[in-house]
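Just so it is clear, none of the values below were taken in a lab; they were calculated from the coordinates. Just so it is clear, the structure is predicted and the values come from calculations on it, not from any experiment. Here the Cβ positions follow ideal geometry from the backbone for every residue, glycine too, while neighbour counts run over all protein chains shown.
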Amino acid sequence: MPAVVPTLVLAAGAGLALWSGWRSRKTPLPSGLSALWTSALAFALVFAGLGMDFRLHGMSDHAATAFAAALSLLAGHAAGLLLLRLSPGRPAASSFGLAMTLGLPPLGAFPGLWLGLQATQSSLLLLPAWTSLLHVAAALAALAGWVRAWQESGSLLEADSPPRTGAGARSLPIARGMLIALGVLAAFLPWIWVLPAQVLAASLTGELPVLLVALGMMLTPLIPGQASVIPFGILAIAMAVTSVLLLVLRLTRRQR
Amino acid sequence: MTPLAVFLHTAMIISLGPLLAGWSRVAASGGGLPALMAPSRRISAGLRASGQPPLGHLAALALAIVAGLLIPLFSSDAVLGFLGDGFTALLLLTGLSARYLPIRASGVLAVAASLWALGTLSGSTDLAQALAFWEAGPASWLIFLGLALGTAPMICEVGAPPARHSRESGNPVAPVFTGVTGSESGSDDGMSPPASEGESAPGLNEALAAWTRSTLQLGWLALGMMAFPVTIPLTSWPTFAAALALFGIKLIVLGGLAAFVSARWPKLPLAELGFACSLLALALVKLGA
């Protein structure tokens, strides 16, 4: 990979964030949704650029973390955005969706955002001065775009969209319920967003064996006195899946 | 035991904010118990205001999640857990109130750059560890100034009472935040909270603003305690009294300084100045070494 590629990706992320802010200045009431997804994309690009730079410097583990940050941020953000889109006129559900989208701790995009900001700190500690300062500049631009989107997003809760009709309207409550369940569950177990992203990123960077060993160590409490959290997580997921299944069964029985 | 302790800690963090605001009011103008409890009453009344269910529900849900499970899952170290808990609660409140507070991008950027500089200075990504290794020096002072000035507009009520008039019509509608620097076009001073709910729920707006501001004041107090540490062995009553006096002096000097600067020069772009200090600190730490 040419050395200029990470810089270009970082510049694209920073530019996207700044463009989004500039566009909001030009038009007083831009679409809140557009501001939200643009800012998430900008952050994902910045973290991806960070990962590419880590890879160029031979630090595959940090590269995997940065890529995982970008992917998990997008995953949590997209789930929140979808919930927001599916919940017009439902203030509680749309508030929850917005909180997931914005990465309000510990919801939705938060684990990815947190991982990415940590990766920026690692860059400052490990990479050459000018490279890391470039990373910080790009991350600050993305952060500014994020705050801007945050400020814009309030109007989304007040948007009074007409209710949907037709066949799709019947599946809306189920989809909404499943997204809320996923959001709540992921708030207890943030690795629901992070783990698939980590596996994907690690397979891209060749760090998968290391990740699997680390996961294996988490599954068994090797250190005396330290309990593993994974069994509790599995239990929680099993309980959540069962409740969702029961809910779906109950809903379908009522319809029949 | 740990989840219970974490829950109690979160409850303390959340409730201390309004109490601190009440205490400041009592210290400034007296009024006894009613003045002490006034901010808490205003917050609870605001959250119970009719037509405002989402934020109240969301706050309760998120608090339950944070308090109950998140921190013990992330950290087995109780102290780190408590620190993380406090910061998470702070972020949570800031997030909930973002629409109602003059959150400026410059302030957020100043805090982010300062924390990155602090981590680089101490060689650790762990904030608690970084604060434990705090040493006085040019970079430390710049970091501290960055944090202080960056958060000052949010902590101190600069430019109050808020103006709620749009640029175009002068009607009491939502001011619009413009640009990545976070300057708002809805008020003369650019510091008034967005009243996007119109005038229908001023109670909630005020309540959330007071809650967040007082909780940020608590965070400021914690930073003041941790910054520039002086080790005093607590071997006797006089040394205990000395440590307590030092804490009081730091509190008065650090807290009073930010309030004084905000009150004396209300038009001063404190957040932007803080951001500049943070960037300078970052450059000094990274390029000066």
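Results, tabulated for the structure shown:
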| quantity | calculated |
| --- | --- |
| Ranked list, fewest to most other Cβ atoms within 10 Å of each Cβ, for A:His62, A:His135, A:His57 | A:His57, A:His62, A:His135 |
| Residue order, fewest to most beta carbons within 10 Å, for B:Trp141, B:Trp237, B:Trp265 | B:Trp237, B:Trp265, B:Trp141 |
| Relative packing of A:73-86, A:196-209, which averages over residues the other C-beta atoms within 10 Å, highest first | A:73-86, A:196-209 |
